[in-house]
Amino acid sequence: MSQKSILITGCSSGIGLDAALTLQTKGYQVFATARKQVDVEALNSKGFNAFRLDLSDSQSITETLKKVLTMTGGTLDYLFNNGAYGQPGAIEDLPTQVLRQQFEANVFGWHDLTTQVIKIMRQQGHGRIVQNSSVLGFVCMPYRGAYNASKFAIEGLTDTLRLELAGSNIQVSLLQPGPINTNFRKNALTAFKQNIDWQNSIHVSKYQKQIERLASTNPASGFTLEPKAVTKALIHALESNSPKARYRITTPTKLFTWLKRILPTRWLDALLAKG
């Protein structure tokens with residue numbers, strides 16, 4: 001069996017790094033990418049074929065994919081779209097340009113890379129694309145509107161793509177984590193302070209609670225899992241003869257899937273508003 005190649009975005013830490021390390025151990029040809037050059041250098045030191053890839057920069061996406069294809073001889077077996085960040089803030093306090101930035105990284109960059117990879121997969125006659133979504137890709141929580149919207153968009157694009165690729169031998173799966181122990185909250189706090197005028201907002205008291213939550217080093221909830229839980233689902237999506245359309249990874253994801261099905265919207269809103 002020939003070595004399988006995979007391109008992974010967002011490998012600087014957390015889910016992407018764990019996936020890259022695990023798949024490398026399993027014998028995959030892993031192409032690990034990150035936005036910051038310092039993280040690329042750290043990945044190279046771990047023995048990866050690592051490249052800088054900025055999902056907000058179309059030229060970066062195209063150039064990095066060309067480098068990967070040069071090393072594989074023009075083929076790519078798998079793509080794991082994972083690189084993303086969360087921009088906190090109430091919708092009314094969210095500058096439109098900041099929302100655009102969220103979509104550039106979390107949606108448009110993924111779309112750009114994915115459409116380029118699909119051309120390769122169609123030529124070679126096979127491939128698998130795995131999208132890392134979120135529990136917030138199908139339920140909303142307050143003060144996470146930009147991230148909610150970006151993940152809802154990914155869910156819609158991925159579901160449509162799965163239908164359009166039927167019969168092509170290109171499989172598409174969604175991962176839906178909930179709370180995972182990563183740097184996500186730390187990075188979100190940085191984005192919040194940089195882009196939201198929170199001290200002059202009507203939501204200032206709620207924001208103070210959000211800042212405490214994002215700054216905490218304690219697990220986001222009692223249901224927080226380690227990145228390896230996501231990697232386990234990823235491996236199934238890559239290797240199973242019948243990969244799932246959706247992988248609901250944490251207890252909150254499974255719970256809200258059920259609650260959204262049975263609860264009236266008003267009741268579910270009351271529950272989510274507490275978040």
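Bear in mind that the values in this text are calculations on the coordinates, not laboratory data. No experiment lies behind these values; they were computed from the predicted model shown. All Cβ positions, glycine included, derive from the backbone under ideal geometry; neighbour counts span all protein chains shown.
A few points about this structure:
- Highest average packing first - 254-264, 182-192, 233-243, Cβ atoms within 10 Å: 182-192, 233-243, 254-264
- With contacts taken as Cα pairs under 8 Å and at least 6 residues apart, the chain reaches a relative contact order of 19 percent.
- Dipole moment magnitude, nearest 20 debye, region 1-150 about Cα centre, only Lys, Arg, Asp, Glu C-beta charged: 500
- For the chain, with +1 on Lys and Arg beta carbons and -1 on Asp and Glu, the positive-most of V30, A153, S221 along the dipole: S221
- Unsatisfied cross-links (Cα-Cα over 31 Å) in the set K26/K244; K46/K186; K206/K244; K119/K193; K151/K186: K206/K244; K119/K193
- As a rough guide to protection, the peptides 107-113, 78-84 ranked by mean Cβ packing within 10 Å, highest first, stand as 78-84, 107-113.
- At least 15 Å along the helix axis (C-alpha) and Kyte average at least -0.5, DSSP helices within the chain: 14-25, 58-72, 145-164, 227-239, 251-262
- Label point 7 Å beyond Cα of S168 along Cβ direction - residues of region 224-266 with amide nitrogen under 16 Å: none
- Converting phi to 3J(HN,Hα) with the Karplus coefficients 6.51, -1.76 and 1.60 and the offset θ = phi - 60°, region 128-143 yields 9, 10, 10, 10, 8, 8, 5, 4, 7, x, 9, 10, 10, 10, x, 6 Hz in sequence order, with x at every glycine or proline.
- Sum of side-chain charges, D39 neighbourhood, beta-carbon under 15 Å (Lys, Arg +1; Asp, Glu -1): +2
- Region 1-15 and region 38-77: distance between their alpha carbon centers, rounded to Å: 10
- Alpha carbon centroid spacing (whole Å) that separates region 132-164 from region 179-237: 17
- Formal net charge of residues neighbouring Q59 (Cβ-Cβ distance under 14 Å; K, R +1; D, E -1): -1
- Given +1 at the Cβ of Lys and Arg, -1 at the Cβ of Asp and Glu and no other charges, the dipole of the chain around its Cα centre is 660 debye to the nearest 20.
- Reach of K232 by Cα under 13 Å, taken over aspartates and glutamates that are not fewer than 8 positions away in the same chain: D18
- A crude spin-label estimate for the pair Q37 and S221, with each label 7 Å from Cα along the Cβ direction, gives 4.1 nm.
- Qualifying chymotrypsin sites (Phe, Trp or Tyr not before Pro) for region 115-176 [loop in DSSP, other Cβ within 10 Å: at most 16]: none
- Difference of contour (0.36 nm per residue) and Cα-Cα distance, D159 to V204: 12.5 nm
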